[in-house]
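J.: Below is one structure. I have some questions about it.
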Amino acid sequence: MTHLVVAVVAVLSGIGIGLLIAWGWRRYRLRRQRLALVARITSVSVDHVRDVLVPDGNGGVLHLDFVLLTPRGILVIDLRDVSGNVFGSDQMSDWTVMDGAQRFTFTNPQSALYDRVAAVRTIAGSVPVEGRIVFTRRAVFPKGLPRFTLGEDSMLSDYPLGDRAVAEQAARPFRADWDTLKAQLAPSPLAKA
């Protein structure tokens with residue numbers, strides 16, 4: 001009887017260790033994918049901050065996923081990581097995501113992006129400020145992309161950095177206002193690891 005108990009404990013321990021290793025490997029892979037995504041997004045900038053709060057001008061704050069200093073000015077990025085076909089347009093109040101049998105909606109993110117860009121613009125002085133809603137590779141827009149929306153792969157072509165030294169030189173006139181903006185930002189409790 002004791003041999004049977006020892007065998008059962010050994011099997012259960014092996015299963016537990018196997019599950020723990022599988023869980024750890026999955027977490028490791030997801031973390032690496034997230035870091036690669038962050039690297040792709042920030043690769044178009046000479047400086048950046050992420051997961052920060054900006055004053056909204058009305059006594060509140062707004063969460064910003066990414067704020068990038070580019071040779072063209074400041075770029076505010078609202079990152080969306082959804083999987084499936086996304087149906088949305090400028091006029092729709094809700095956008096729909098369909099992934100196999102799953103379906104959900106979320107509020108059109110364009111008006112929130114306008115608010116974020118306006119909040120940054122008030123602090124950024126004379127620096128041009130743009131905003132984009134960036135969807136990860138897992139999202140597909142079968143009916144086309146709405147205004148101010150990009151896929152993550154389009155970041156490199158729409159905002160090419162080119163030679164880093166040349167890009168830093170082009171962004172130099174924006175540095176003082178960029179530093180002022182960064183001083184106004186605070187870490188966000190909504191930060192994604």
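J.: Which pairs do you get when a residue that is modelled with pLDDT under 90, found in the range 145-163, comes within reach of a residue that is among the small types (Gly, Ala, Ser) and part of a helix (DSSP H, G or I), reach meaning Cβ atoms under 7 angstrom, with the pair 6+ apart or on two chains?
T.: Close Cβ pairs (under 7 Å, with a partner that is among the small types (Gly, Ala, Ser) and part of a helix (DSSP H, G or I)) amount to LEU161/ALA167.
J.: Same structure again: Take the range 99-115 and flag every residue that is surrounded by 15 or more Cβ atoms within 10 Å (Cβ to Cβ) and within 13 Å of ALA139 (Cα to Cα).
T.: Passing the criteria: only ASP99.
J.: Please indicate, with yes or no, whether at least one residue in the range 119-137 is on the phi > 0 side of the Ramachandran plot, surrounded by 15 or more Cβ atoms within 10 Å (Cβ to Cβ) and not β-branched (Val, Ile, Thr). So that I can check it myself, show each step before the final result.
T.: We begin by selecting, within the range 119-137, every residue on the phi > 0 side of the Ramachandran plot; these are 125.
Keeping just the survivors that are surrounded by 15 or more Cβ atoms within 10 Å (Cβ to Cβ) gives none.
No, the conditions are met nowhere in the range 119-137.
J.: Take the range 139-193 and flag every residue that is of a type outside the set (Gly, Ala, Ser), within 16 Å of the chain's Cα centre (by Cα) and loosely packed, with under 15 Cβ neighbours inside 10 Å.
T.: Listed by number, the residues that qualify are ASP153, LEU156, PRO187, PRO189, LEU190, LYS192.
J.: Could you tell me how many of the residues in the range 33-53 are in a loop (DSSP other than H, G, I, E, B) and either in contact with a Gly (Cβ under 7 Å, 6 or more places away or on another chain) or surrounded by fewer than 19 Cβ atoms within 10 Å (Cβ to Cβ) (or both)? Lay out the reasoning, then the answer.
T.: At the first step, the residues of the range 33-53 found to be in a loop (DSSP other than H, G, I, E, B) are 43-46.
From the residues that got through so far, the ones that are either in contact with a Gly (Cβ under 7 Å, 6 or more places away or on another chain) or surrounded by fewer than 19 Cβ atoms within 10 Å (Cβ to Cβ) (or both) too are 43.
The total comes to 1.
J.: Could we say that VAL67 is in contact with a helix residue (DSSP H, G or I) (Cβ under 6 Å, 6 or more places away or on another chain), closer than 30 Å to ALA165 by Cα and buried (at least 16 other Cβ atoms within 10 Å of the Cβ) here? Write out each step before concluding.
T.: Values: in contact with a helix residue (DSSP H, G or I) (Cβ under 6 Å, 6 or more places away or on another chain): no; closer than 30 Å to ALA165 by Cα: yes; buried (at least 16 other Cβ atoms within 10 Å of the Cβ): yes.
Here the answer is no, as VAL67 does not meet what is asked.
J.: Follow-up. Read through the list (1) without any contact (Cβ under 8 Å) to a residue 12 or more places away in the chain; (2) within 19 Å of SER154 (Cβ to Cβ), then give the number of the only condition that THR42 fails.
T.: Status for THR42: all satisfied but (1).
J.: For SER83, are the conditions met, namely being farther than 18 Å from ARG164 by Cα, within 17 Å of the chain's Cα centre (by Cα) and either of a type in the set (Gly, Ala, Ser) or at pLDDT 95 or above (or both)? Working first, answer last.
T.: Values: farther than 18 Å from ARG164 by Cα: yes; within 17 Å of the chain's Cα centre (by Cα): yes; either of a type in the set (Gly, Ala, Ser) or at pLDDT 95 or above (or both): yes.
Yes; evaluated as a whole, the condition is true for this residue.
J.: Surrounded by 10 or more Cβ atoms within 10 Å (Cβ to Cβ), more than 18 Å from the chain's Cα centre (by Cα), touching a residue at least 24 places away in the same chain (Cβ under 8 Å) and within 30 Å of GLY125 (Cβ to Cβ): does that describe ASP90? Step through it out loud before you land on a result.
T.: Details: surrounded by 10 or more Cβ atoms within 10 Å (Cβ to Cβ): yes; more than 18 Å from the chain's Cα centre (by Cα): yes; touching a residue at least 24 places away in the same chain (Cβ under 8 Å): yes; within 30 Å of GLY125 (Cβ to Cβ): yes.
Yes.
The values are calculated or read from the model by the stated rules, or taken from the named source; none is laboratory data. Predicted model only: the values in this text are computed from it and were never measured. A quick note on method: Cβ atoms are made from the backbone with ideal geometry, for glycine too, and the neighbour counts reach across all protein chains shown.
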